[in-house]
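S.K.: Just passing along the structure, written as structure tokens.
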Amino acid sequence: MIENAAEAAASRITVVAGPDGDRYAVTVSDDGPGPTDAIAPRIFDAFFTSKDGHAGLGLNIARRIARRYGGDVGLPPERVAGRGACLVLSLPLVDESEIGAAAGLRVLVVDDDQSNLITLSALLEGEGFVTDTAASFAVARAMLGASDARYDVVLLDQNLGDGKGAALLPIVRERLPACRAMLISGSVDEAEVARVGFDAFLFKSTPFPEVFAAVLTMVGRANAAGGEAAATPHAESSGR
């Protein structure tokens, strides 16, 4: 969002962030020409671009990631063509009773998709988790096998570029017997893989509040959060 604003702005970019009802909103605006009425409805379409040398995927990916975690990226309804561009990122707030429930828990997030890896780890850190990340099977295997490995939860993407997340489970069980393991996948077929030995399974389309609740359930802190978790071990969310 900021990169788009920087490319379009004449001299100024404005970023405003803060609570908006039950959500947190980040608004990025610039003083450039802004999208025309003809272009505006298409700016989130994959491969659509009005700029030379661009793939037309940035805003499409940003919106897909936000929606994965229960949020969205869009244009404000009061947009006026020709008066600069304005984009709004909104994400759901976690219930205040859950703040602190994750404090001190160490999580290893394993995913070969850098955007997913960065987004999920940042959201978890925002809730009090201490996170480490691994972008490949090989790196995750080395981290789990290290003599000083200390994790309460491991979140494993199933389809890594150099291996399957499920193949890391034996290492988790051997090296960290008290650690809880969740398999995350975009495939319905992988749900059956998770039945063997994993503490939980979620689809990649699961909104972040449900991921957060499921992690708390796995480690037995759902009650400490002041309510029932939104997802339970082996919970399955409909793919989107």
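The values are calculated or read from the model by the stated rules, or taken from the named source; none is laboratory data. What you see is a predicted model, and the numbers here were worked out from it, not measured in a lab. A quick note on method: Cβ atoms are made from the backbone with ideal geometry, for glycine too, and the neighbour counts reach across all protein chains shown.
S.K.: List pairs: first in region 1-22 and assigned to a loop (DSSP other than H, G, I, E, B), second charged (D, E, K, R), Cβ under 7 Å, 6+ apart or cross-chain?
M.R.: Listed by first residue and then by second, the contacts come to 9/30; 9/31; 10/31; 11/31; 12/30; 12/31.
S.K.: Would you check if residue 53 is crowded, with 17+ Cβ neighbours inside 10 Å, among the small types (Gly, Ala, Ser) and at pLDDT below 85?
M.R.: no
S.K.: Still on this structure, please answer the following. Could you check region 141-158 and list, in sequence order, the residues that are over 12 Å from residue 175 (Cβ atoms) and not charged (D, E, K, R)?
M.R.: Scanning region 141-158 gives 153, 155, 156, 158.
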